[in-house]
Amino acid sequence: FLYQYTEEEARKLGVVGWVKNTSQGTVTGQVQGPEDKVNAMKSWLSKVGSPSSRIDRTNFSNEKEIPKLDFSGFSTRY
């Protein structure tokens, strides 16, 4: 998973949060921002992703409205 593409897309869309690889070979993360922009990021993660990624399935959970953003940018966690 080439995170530079995910970070670039998040910045382009104006969402904040993080992504990280799991030991199961999947990717987890958190995205925050205006609903339309979060939906655009979810669509990109589901259909496009980084050039070398293979997307078999996406699962979005714990979706809720928040009073303020918890992150100031978008980063990769290791």
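The values are calculated or read from the model by the stated rules, or taken from the named source; none is laboratory data. In this text the structure is predicted, and so the values were computed from the model without any measurement. Cβ sites come from the backbone with ideal geometry, for glycine too, and all protein chains shown count toward neighbours. Surface areas here come from the heavy atoms of the whole protein model, side chains and all, with no ligands, DNA or RNA. Shrake-Rupley method; radii C 1.70, N 1.55, O 1.52, S 1.80 Å.
For the chain, the longest principal axis of the C-alpha atoms and the axis of helix 35-47 are separated by about 0°. Averaged over its residues, segment 1-76 has an accessible area of 71 Å² per residue, based on protein heavy atoms and a 1.4 Å probe.
I need the Kirkwood Rh of segment 1-76: take the reciprocal of the average 1/r across all distinct C-alpha pairs and report it in angstrom.
On the way: mean 1/r = 0.0787 Å⁻¹.
Hydrodynamic radius (Kirkwood, Cα only) of segment 1-76 equals 12.7 Å.
Rounded to the nearest 10 degrees, the inclination of helix 3-13 to the longest alpha-carbon principal axis of the chain is 30 degrees. Rounded to the nearest 20 debye, the dipole magnitude of the chain is 160 debye, with +1 charges on Lys and Arg beta carbons, -1 on Asp and Glu beta carbons, and the Cα centre as origin. In this simple spin-label model, placing a label point 7 Å from the Cα along the Cα-to-Cβ direction at both S46 and N59 gives a separation of 1.6 nm. Percent of C-alpha pairs per 5 Å bin in segment 36-78, short distances first: 5, 15, 20, 29, 20, 8, 2, 0.
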